[in-house]
Amino acid sequence: MRYISTRGSAPTLDFRDVTLAGLAKDGGLYLPESWPSFSAAQIAAMQGLSYVETAVAVMLPFVEGTLSEDDLRTLCTQAYGRFAHAAVVPLAQLDERNWLLELFYGPTLAFKDVALQLLGLLFERFLTGSTQQVTVVGATSGDTGSAAIDALAGRAGVDVFMLHPKGRVSDVQRRQMTTVIAPNIHNIALEDASFDDAQALVKAMFNDPAFSGKFALSAVNSINWARLMAQIVYYFYAAVRLGAPERPVAFSVPTGNFGDVFAGYVAAKMGLPVAKLIVATNVNDILHRALSAGDYSQGTVVPTPSPSMDIQVSSNFERLLFDLGGRDGHALADQMRGFETSKAMRLTNAQREGAAALFASDRIDLDDMALAMRWACEASGQVIDPHTAIGLAAARRADLPADVPIVTLATAHPAKFRDAVERATGQRPVLPARMGDLFEREERYASLPGTFEAVTAYIAERASAR
Ligand SMILES: *Cc1c(COP(=O)(O)O)cnc(C)c1O
């Protein structure tokens, strides 16, 4: 499989290089040259497969030419062996039609582990025995950072610099990052910054050829294709359990950077019968405005109890616009340059119509989020986190035929956001025993002003030039 950039003028790469690269040299994002596709019979054959075997079947076409089927199986067995549930990502039923897909049994309690545990092993495999060294620079609204740090701590050939907006992540999220004391892990708290500011700084570093070349920058946020690839798997796994390929299934996805829900789009492109993908946002609703009215214009980030969705620029939306716009890299590069200059753009008719065929969207405010948390408790005794609650609120309001099951992606363990959960439901979720001493561990991080100069100087002092 070869990978091409959404902006049409970067070299095509194989799976190994696309995994280590992150952003394309032309500022675009990598996508497979074409979508692999499964017949109904091939999807039916996934019934009864374990999570690991489903993962091997779904991902094999994407790694072709770089990894053998046995290699892929070994990596998946190791990555998903660390999950604290035998099903890896179990389904829980809420009422006749509403289901939760619980994606939070990994080491850091959010769905980011599903992709990053695999990505850490891919990095190790691709870098061990090579002289290549990389510097991972990432921005996090909380969950990517902890998942990436867990997956990469102590691994040879990789230095990690993780930027988070100071004071805008939960205490559990921060401690999961800052208490990992390893020589290759560097946490940076950006003063007076939002997640978008942090993400913009990271983009600027990638777009500075002198800096990004000198330190061989690499990305582990959801601009990295391998992460999205690993997330396609659970759409197949869940849908097959609920009756696919005979019965179409809808998914409601709490969305920030459009990575998780884009993986659902890819699953549909590969032949999975997806009735609808519901893009659920909090009050930071750029995606809801884009999908419902064609208006992709950047607002000001409002901090909410669902910080991993407090985003006003959704990096991966570019991948959808590219695919829906006939994969015309030069046209998309113009459209994105327009957005970068004016902070606003209109979707084209082709993009709007293409999106409307598969996507619905909704914006969930604080009251509706809290109501969904209470409803889940009352309906089935489930305590859910604020992000999941946004997905569930949108699922319950969605206009879909009554016989279509709706799977809400449960993206984080409620204990990760226990203050918000307690405020809404009166119940204080407890951290699973395996992280019981999180609040006793020593923290280590640097506080820096959110400027390009301050952050690049800090990295340059600590990363080895490559
Ligand atoms: C990252 C995250 C999201 C948003 O996922 P995207 O891929 O950025 O759309 C939602 N919920 C939780 C808990 C997250 O960590």
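Tell me, Cys76, Cys377 in order of fewest to most beta-carbon neighbours within 10 Å? Present the calculation step by step, with values, prior to reporting the outcome.
Working: Cys76 24, Cys377 17.
Starting with the residue having the fewest Cβ neighbours, the order is Cys377, Cys76.
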In µm²/s, what is D for the chain at 37 °C and 0.692 mPa s, where D = kT/(6 pi eta Rh) by Stokes-Einstein and Rh is the Kirkwood radius from Cα pairs? 149 µm²/s
Through the Karplus equation 6.51 cos²θ - 1.76 cosθ + 1.60, θ set to phi - 60°, convert the phi angles of the range 403-412 into ³J(HN,Hα) values in whole Hz; use x for Gly and Pro. 8, 8, x, 10, 9, 8, 6, 8, 8, 8
Cα centroid separation, the range 106-154 to the range 377-413 (Å): 29 Å
Using only the alpha-carbon atoms of the range 148-281, report the extent along each of the three principal axes, biggest first, to the nearest angstrom. 50, 32, 27
Shape category assigned to the range 368-407 from the gyration tensor of Cα positions, a/c cut at 1.5: prolate
Test of understanding: what is the full-extension gain from Lys343 to Asp367, defined as 0.36 nm times their sequence separation minus their Cα-Cα distance? 5.7 nm
Read phi for every residue in the range 384-396 and hand back ³J(HN,Hα) as whole Hz from Karplus 6.51 cos²θ - 1.76 cosθ + 1.60, θ = phi - 60°, with x for Gly and Pro. 10, 7, x, 5, 4, 4, 5, x, 5, 4, 5, 4, 6
Percent antiparallel among DSSP beta bridges confined to the chain, rounded to 5, stands at 25 percent
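Distance cut-off 25 Å, Cα to Cα: go down the list Lys112/Lys416; Lys276/Lys343; Lys25/Lys276; Lys203/Lys276; Lys166/Lys203; Lys269/Lys343 and report the pairs above it.
Lys276/Lys343; Lys25/Lys276; Lys203/Lys276; Lys269/Lys343
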By average C-beta atoms within 10 angstrom, highest first, the peptides 15-28, 139-152: 139-152, 15-28
Pull up all non-local amide H partners of Gly22: gap of 5 or more, or a different chain, and H-to-H distance under 5 Å with H placed in the peptide plane. Ala219, Trp225
Taking the dipole about the Cα centre of the chain, with the C-beta of Lys and Arg at +1 and of Asp and Glu at -1, give me whichever of Ile406, Ser361, Ile149 is farthest to the positive side. Ile149
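Determine the calculated [θ] at 222 nm for the chain from helices alone, applying -39500 (n - 2.57) to every DSSP H run no shorter than 4 residues and normalising by the residue count; nearest 500 deg cm²/dmol. Mind dumping the intermediate values first?
On the way: 19 runs with 204 residues, N = 466.
The helix contribution divided over the chain gives -13000 deg cm²/dmol.
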Within the set of other residues whose C-beta is less than 12 Å from the C-beta of Ala200, count the net charge using Lys and Arg as +1 and Asp and Glu as -1. -1
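Each value in this text was obtained by applying a stated rule to the coordinates, not by laboratory testing. As the structure is a computational prediction, the values presented were derived from the model and not from experiment. Cβ: placed from backbone, ideal geometry, glycine included. Neighbour counts: every protein chain shown.
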